Amino acid sequence: MSANESEKTSHAGLRTVTWLIAIALALGALAGHWLHGYQDAPDSWIGERFEAIRGGLWFVGNDIFIRLLKMLIMPLIISSVIVGVVSVGDFRRLGKIGLATLAYYFGTMLIAVTIGLTLVTVINPGQYISEEAVVRAEADYAADTKVQEKIEAGPSGFGAALLQIFKSIIPENPLGAAAEGRVLPIIFFSIFFGVVLTTIGPRGEPVAGFFDAVFRVMMKMVIVVIWMAPVGVFCLLAWTIAAKGLGVFLTAIAVYMSTVIAGLSIHALIVLPLLLWVFGRANPFVFLHRMRSALMTAFGTDSSSATLPVTCEAATLEGGVSKKSAGFVLPLGATINMDGTALFEAVAVVFIAQAYGFDLGLAELVIIALTATLTAIGAAGIPSASLVLMPTVIMAVNQSLGYTGEGAGETSGILIAGIGLIIGVDRLLDMCRTTVNVWGDAVGAKIMTRIAPDEAAPK
Ligand code: ASP
């Protein structure tokens, strides 16, 4: 089959599978809700096997589907970054794209945080939370040792979080970093490698050709793996919804959830499209439609990193994003650029503060904006990464409020145990913020395509 024919077949395949993913998401939600009905009926046949059924769903969704995606990440990042850097060629242009990309990442994250802070201040979802609910949440948190362990392993403050980001950029051993799945150091090494590769003249051509071939093979592997996506997202969604049921949207916590979702919607459907239209000169809604396979995979998997292979595939194959831009903006964006996460962190921390009865002033809101952006940059593109970094934001706010000790509410500032309030619904919100994270990366890559078009970029 010629390269052209093969591309056409991939196109058609991607379209079909996208429909299947959409249907699977809807069916997964319904199946999860139906299963949830049996959670409190342990005497029924299904109720008796409730945990086993959820375990089965998790096995197929996580241990098969997400693993298949994760398996592709490292070789895809290494080859796509090197191919991207080599095809940009000269240093100065690379610097220009790099600066524009970083400005885009920071700018959009700050806009997202501002939207979140405005909404949560105006809506004040914390006022609907009773004192008993706060006490119950603290107990929930105390019982959740898994989350606590992860949180304790995280950075202990603003400075530590900043240091952790810088420390994680340069790999001591690139192979070790790749083996451990650490993305940022691998991107750093690949950029460096690609830049130097362009300086050694014709001798570098076989190596550049090798990585180009690896990149093409990886993209083909994505096309195969993506056929597993409908089954994978069905299982993951059913697993998630089975825990709480769709009725969670009718409880007091729903006001908080709606605030997050409203903020994410404003950012994803108004701000980012506007930026794409102004700076990328592209029709945002056509592009949104073309990126739907990646967005739905993000929604189903809760992980921008695991979605990265699909994002690359959809962006280059359907979205008209140049290889140069995709190689650079998408892998970096999957770890650094998290608009949804930044917005979420800001809303969640203010919500917890409101539930504890704190009135936050402008100084605290500015601190939240900065720390939420920083933690979003530091967060890995994996499920619930935000929760682990939230204490950094809470502690920074407490310091600003003048609390440094530990203890109960009034005397110690906002308790980290307040995270217990939101743990239960976090997976649902994670699906939404991950989708926005991936959409932000895609929009960035489309905008940067204008600065770095391929020689014959598809329209
Ligand atoms: N799950 C998110 C992502 O992968 C990160 C987070 O906000 O928890 O993009």
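The values are calculated or read from the model by the stated rules, or taken from the named source; none is laboratory data. In this text, all values refer to a predicted model and were calculated from it rather than measured experimentally. Here Cβ is always computed from backbone atoms with ideal geometry, including for glycine, and neighbour counts include all displayed protein chains. Heavy atoms of the whole protein, side chains included, go into the accessibility calculation; ligands, DNA and RNA do not. Shrake-Rupley method; radii C 1.70, N 1.55, O 1.52, S 1.80 Å.
Can you confirm whether region 422-444 contains a residue that is of a type in the set (Ser, Thr, Tyr), modelled with pLDDT of 85 or more, within 16 Å of the ligand (Cβ to nearest atom) and closer than 19 Å to Ile241 by Cα?
So far as region 422-444 goes, yes, one or more of its residues are of a type in the set (Ser, Thr, Tyr), modelled with pLDDT of 85 or more, within 16 Å of the ligand (Cβ to nearest atom) and closer than 19 Å to Ile241 by Cα.
Here's the yes/no breakdown for (1) within 29 Å of Ile64 (Cα to Cα); (2) out of contact with any Gly (no Cβ under 7 Å at 6 or more places or on another chain); (3) of a type outside the set (A, V, I, L, M):
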residue: Ile253; (1), (2), (3): no, yes, no
residue: Phe299; (1), (2), (3): yes, yes, yes
residue: Thr311; (1), (2), (3): yes, yes, yes
residue: Ser325; (1), (2), (3): no, yes, yes
residue: Phe328; (1), (2), (3): yes, no, yes
residue: Met338; (1), (2), (3): yes, yes, no
residue: Ala346; (1), (2), (3): no, no, no
residue: Val350; (1), (2), (3): no, yes, no
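Give all pairs with beta carbons closer than 7 Å in which a residue from region 42-53 that is over 14 Å from Gly32 (Cα atoms) meets a residue that is of a type outside the set (Asp, Glu); count only pairs at least 6 apart in sequence or on separate chains.
Qualifying pairs under 7 Å: Ser44/Tyr38; Glu48/Pro42.
Here are Ile78, Ile64, Ile23: which of them is surrounded by 18 or more Cβ atoms within 10 Å (Cβ to Cβ) and either at pLDDT 85 or above or part of a helix (DSSP H, G or I) (or both)?
From the options Ile78, Ile64, Ile23, the qualifying one is Ile78.
Determine whether Leu35 is assigned to a helix (DSSP H, G or I), open to solvent by less than 20 Å² (accessible area, probe 1.4 Å) and at pLDDT 90 or above.
yes
Let me spell it out: the conditions are (1) free of Cβ contacts under 8 Å to residues at least 60 places away in the same chain; (2) in contact with a Phe, Trp or Tyr (Cβ under 7 Å, 6 or more places away or on another chain), and Leu27 meets all of them except one. Which number is the exception?
Exception for Leu27: condition (1).
Just to be sure, is Ala238 crowded, with 17+ Cβ neighbours inside 10 Å and at pLDDT below 90?
No.
When you scan region 336-345, do you find a residue that is surrounded by fewer than 24 Cβ atoms within 10 Å (Cβ to Cβ) and within 16 Å of the ligand (Cβ to nearest atom), even just one?
yes
Considering Val233, Val248, Val225, which residue is of a type outside the set (D, E, K, R), crowded, with 23+ Cβ neighbours inside 10 Å and at pLDDT below 90?
Just a single option satisfies the conditions, and that option is Val233.
For (1) assigned to a helix (DSSP H, G or I); (2) modelled with pLDDT under 90, each residue gets a yes or a no:
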residue	(1), (2)
Thr9	yes, yes
Leu30	yes, no
Asp43	no, yes
Phe59	yes, no
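I'm trying to understand the selection: among the residues of region 105-129, which are touching a residue at least 24 places away in the same chain (Cβ under 8 Å) and among the hydrophobic types (A, V, I, L, M, F, W, C)?
Answer for region 105-129, where residues must be touching a residue at least 24 places away in the same chain (Cβ under 8 Å) and among the hydrophobic types (A, V, I, L, M, F, W, C): Phe106, Met109, Leu110, Ile111, Ala112, Val113, Ile115, Leu117, Leu119, Val120, Ile123, Ile129.
From the residues in region 364-383 that are of a type in the set (A, V, I, L, M, F, W, C) and over 20 Å from Ile115 (Cβ atoms), which one is nearest to the ligand (Cβ to nearest atom)?
Going through the qualifying residues, I end up with Ile382.
One line per residue, one yes/no per condition, for (1) open to solvent by less than 20 Å² (accessible area, probe 1.4 Å); (2) at pLDDT 90 or above; (3) at positive phi; (4) β-branched (Val, Ile, Thr):
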residue	(1), (2), (3), (4)
Val85	yes, no, no, yes
Gly89	no, no, yes, no
Arg93	no, no, no, no
Ile97	yes, no, no, yes
Thr108	yes, yes, no, yes
Thr121	no, yes, no, yes
Gly126	yes, no, no, no
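For Ser386, only one of the following conditions fails: (1) within 12 Å of the ligand (Cβ to nearest atom); (2) free of Cβ contacts under 8 Å to residues at least 12 places away in the same chain. What is its number?
That leaves (2) as the condition not met.
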